[in-house]
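What follows is a single structure, written as structure tokens, with notes after it.
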Amino acid sequence: MKVVIIDKGQWAEDLEGLKKSYQLFGPVGEKDYTVFKTLEKGMLPDFSTLNTRLSPKSIVFPQSEDILEFSLDETREDHHIMKEVKKDHPSRAVFGIRPCDAKSISLVKLNFDTAEYKDPYWLSAYEATTFVGLACDNPASTCFCTTAGCGPYHEEGLDVLLTDEGDHFVAKALTDKGETLIKTAGWATETEDTFKLKKKTAESKITSAVETGNLENLEILDLHGATFWDDISFACLNCGTCTYVCPTCWCFDIQDEVHGKSGKRMRNWDSCMFPLFTIHTTGHNPRGTKMQRVRQRFMHKLKYFLDKYNQGIMCVGCGRCVRQCPVNIDIRRVCNLMNSYKPEDACAAQE
Amino acid sequence: MQNPYLPYPVRVDDIEVATEDKSLKTFKFVFLNDGDEKKFAYKAGQFAELSIPGVGEIPIGIASSPVEKGFVMFTVFRAGVVTTHLHNMKTGNIMGIRGPLGNWYPWDMLEGKNILIVGGGFAFTTLRSSIVYMLDPANRSKFGNIDVVYGARTPGMLLYKDELIEWEKRDDINMHLTIDAPAEGWNYNVGFTPPITEEKAPKGDENTYAIVCGPPIMIKFTLPVLEKLGYSNDHIIMSLENRMKCGFGMCGRCGIGKELVCKDGPVFTLDQVNQTPKEY
Ligand SMILES: Cc1cc2nc3c(=O)[nH]c(=O)nc-3n(C[C@H](O)[C@H](O)[C@H](O)COP(=O)(O)OP(=O)(O)OC[C@H]3O[C@@H](n4cnc5c(N)ncnc54)[C@H](O)[C@@H]3O)c2cc1C
Ligand code: SF4
Ligand code: SF4
Ligand code: FES
């Protein structure tokens, strides 16, 4: 695949040109934070932030999305008949998605794109999008991607990978979609593939790690019954920040909204941290305590997902939940506790 | 591929009060569009999302049987928002049905076997579907003995009473109906479901499977009875319930460990249930 040079002097002009063929998204400063947004005319992506506060998952999985619509007006022939809200996504491209976030989208795809059922909304947004990643030469202290199945130059889920070379970017096409974007942008000056060397350097800067090697050997019920969950969950506020900012969390709710005689059915992000997520109408709640909900989050990410798909853990090591949890609950510690858990010890302790 | 969120439009064709306390109603729906009934092809044990535009959706077991054509039937307990709206519906109203969803009782495996059905309260819906399926002339010879233990508080709380009485009269199905306390005109068993099961149900063996549905308290006391009768955990089949939204394994809410009740279930053997965290 092609490796080309993008002169930063031309960057603004080239992106403006691309906007004729693509709806562009990129990180943009907003108040004190950086968020992924549509790049309107004249707007450039801001590559200075390593990890945006919210992950870019909303580009393919909006926080709130209309899925069906209907009319309750009984004078209409089609009243009370639900119809699909059609999504005609134009070609879109995300600039500056980090490799961990791109990998997370390929993990989430396992949920929305299955043999029996396909989520048409997620998939149409996904298929319309070209992912242009930006490699991380200066990872943060909370990044543990290299032990979470990806890395600062990881290519999975990306169509193009960019690396910053000071006065220019080098762009490597990784898929046909990526080739098309590079061609459309007019980036034609080919250069050598220097990614290998830079990748090594970047990876060596990652100091934070999780241990996952033993997770697959442990039994679900042993881990579920482990003695450390009360301790881990003790300080949790069940605020849901961790699931909200996480690129790999996908749980959602479905709700109807009516205005006058017309209505729509929407799906909204939800969180396993909330008691309402699982409460039955009878009042019985299978995960009624905070400990049960915290356990669910970590067990899903670090054990159930791994057992179900055999594609590693459902965490890409972006560090968002670690940085933003108000009470410093740290998935790295939990992962290591789980990985090194010895069910024999629990039995001994009980005796 | 079909949009799994999009319900088939249906018309409410018939509504019947199902129990004397009026807390349950049985609904028959007819598909509005030609061809949808065929696409909705289901097996006994599956469920569907009943979808009221503007109100919401609820997972309900399919009470009609695959051998009954021209309609689909559900029996619904009035519990909260959506079920109350449903109870207030009139025949002729238009709404939606999404499905069929979930797995079903393992009919292929059950062929040639004796079947014991134990049901309690209003959890008799997919059991009715199963019995009607097995008793169909085209299917009856595929199964050995069929025993049914079904209990309710009073005679008036038994679902599908006319059919139960019909089945009582047949000699190719052994009915063991029971109510909690004696009542006038009641000629069948009296007592809770678990002791009646212990008394009347056939012994468990390699060729006999039990399908059990009921309120948690009934399940709790019935399982030890089945064990005593010699049913092994992989010969006891149950149907679980959890709060649901999507019904096809994507929204993440109904999980018990790595299994999703909506997609990997709702039907599990006791053996399988014992290998998952008790989060239902
Ligand atoms: C596989 C399956 C089969 C079922 N079969 C039957 C049946 O045949 N007859 C019957 O009367 N009931 C059945 N139920 C229970 C029925 O789904 C709930 O009583 C119903 O969802 C309550 O909805 P509501 O809107 O009235 O209550 P609310 O408390 O107002 O519920 C709001 C929403 O929460 C969700 N919810 C709440 N409780 C449950 C629950 N226990 N299970 C699933 N979702 C829930 C639903 O999305 C519901 O719309 C079944 C449940 C499952 C999972
Ligand atoms: S961010 Fe921290 S406090 Fe909030 S729900 Fe997650 S783990 Fe609990
Ligand atoms: S669990 Fe935390 S570190 Fe892992 S992907 Fe989610 S937000 Fe990032
Ligand atoms: S109801 Fe959505 S995953 Fe089961």
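The values are calculated or read from the model by the stated rules, or taken from the named source; none is laboratory data. Everything numeric here is computed off the predicted structure, so don't read it as measured data. Note that we place each Cβ from the backbone using ideal geometry, even for glycine, and neighbour counts take in every protein chain shown.
Quick notes on this one:
- Test for A:Thr75: is it free of Cβ contacts under 8 Å to residues at least 60 places away in the same chain, more than 27 Å from A:Ile206 (Cα to Cα) and not assigned by TED's automatic domain parsing to the domain that holds A:Asn111: yes
- Entirely in the range A:224-333, the helices (runs of 4 or more DSSP H) that have 1 or more residues that are within 9 Å of another protein chain (Cβ to nearest Cβ) and surrounded by fewer than 22 Cβ atoms within 10 Å (Cβ to Cβ): A:290-299, A:305-309
- Screening the range A:31-89 for residues that are among the polar types (S, T, N, Q) and not in a loop (DSSP other than H, G, I, E, B) and picking the one that is farthest from the other protein chains (Cβ to nearest Cβ) gives A:Thr34.
- Among (1) within 14 Å of another protein chain (Cβ to nearest Cβ); (2) over 27 Å from the mean Cα position of the chain (by Cα); (3) assigned to a loop (DSSP other than H, G, I, E, B) - the single one A:Ala188 does not satisfy: (1)
- Each residue in the range B:252-280 was checked for being of a type in the set (A, V, I, L, M, F, W, C), surrounded by fewer than 22 Cβ atoms within 10 Å (Cβ to Cβ) and without any contact (Cβ under 8 Å) to a residue 24 or more places away in the chain, and 0 pass.
- Residue check, A:Ile97 among the hydrophobic types (A, V, I, L, M, F, W, C), in contact with a helix residue (DSSP H, G or I) (Cβ under 8 Å, 6 or more places away or on another chain) and over 21 Å from A:Pro152 (Cα atoms): no
- Any hit, the range B:130-137, residues being part of a loop (DSSP other than H, G, I, E, B) and either in contact (Cβ under 8 Å) with a residue 40 or more places away in the chain or within 16 Å of the chain's Cα centre (by Cα) (or both): yes
- The residues of the range B:101-112 that are surrounded by fewer than 20 Cβ atoms within 10 Å (Cβ to Cβ) and either in contact with an Asp or Glu (Cβ under 9 Å, 6 or more places away or on another chain) or within 14 Å of chain A (Cβ to nearest Cβ) (or both) amount to a single one, B:Asn103.
- Among the candidates B:Arg128, B:Arg140, residue that is surrounded by 22 or more Cβ atoms within 10 Å (Cβ to Cβ), among the basic types (Lys, Arg) and at pLDDT 95 or above: B:Arg128
- Picking from residues in the range A:204-220 that are within 16 Å of A:Cys335 (Cα to Cα) and part of a helix (DSSP H, G or I), the one that is nearest to the other protein chains (Cβ to nearest Cβ) is A:Ile220.
Quick grid of which residues meet (1) in contact with a Phe, Trp or Tyr (Cβ under 7 Å, 6 or more places away or on another chain); (2) surrounded by fewer than 17 Cβ atoms within 10 Å (Cβ to Cβ):
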| position | (1), (2) |
| --- | --- |
| B:Val12 | yes, no |
| B:Asp21 | no, yes |
| B:Phe27 | yes, no |
| B:Asp34 | no, yes |
| B:Phe47 | no, no |
| B:Ile52 | no, no |
| B:Glu57 | no, no |
| B:Ile62 | yes, no |
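- Residue ID - nearest to ligand 4 (Cβ to nearest atom), chosen from residues in the range B:232-251 that are more than 13 Å from every other protein chain (Cβ to nearest Cβ) and touching a residue at least 40 places away in the same chain (Cβ under 8 Å): B:Ser239
- Hey, B:Pro195 away from ligand 1 (no atom under 16 Å from the Cβ), surrounded by fewer than 16 Cβ atoms within 10 Å (Cβ to Cβ) and in a loop (DSSP other than H, G, I, E, B) or not: no
- Every test in (1) closer than 17 Å to B:Thr222 by Cβ; (2) in contact (Cβ under 8 Å) with a residue 40 or more places away in the chain; (3) in contact with a helix residue (DSSP H, G or I) (Cβ under 8 Å, 6 or more places away or on another chain); (4) not charged (D, E, K, R) is passed by B:Leu177 save one, and that test is (2).
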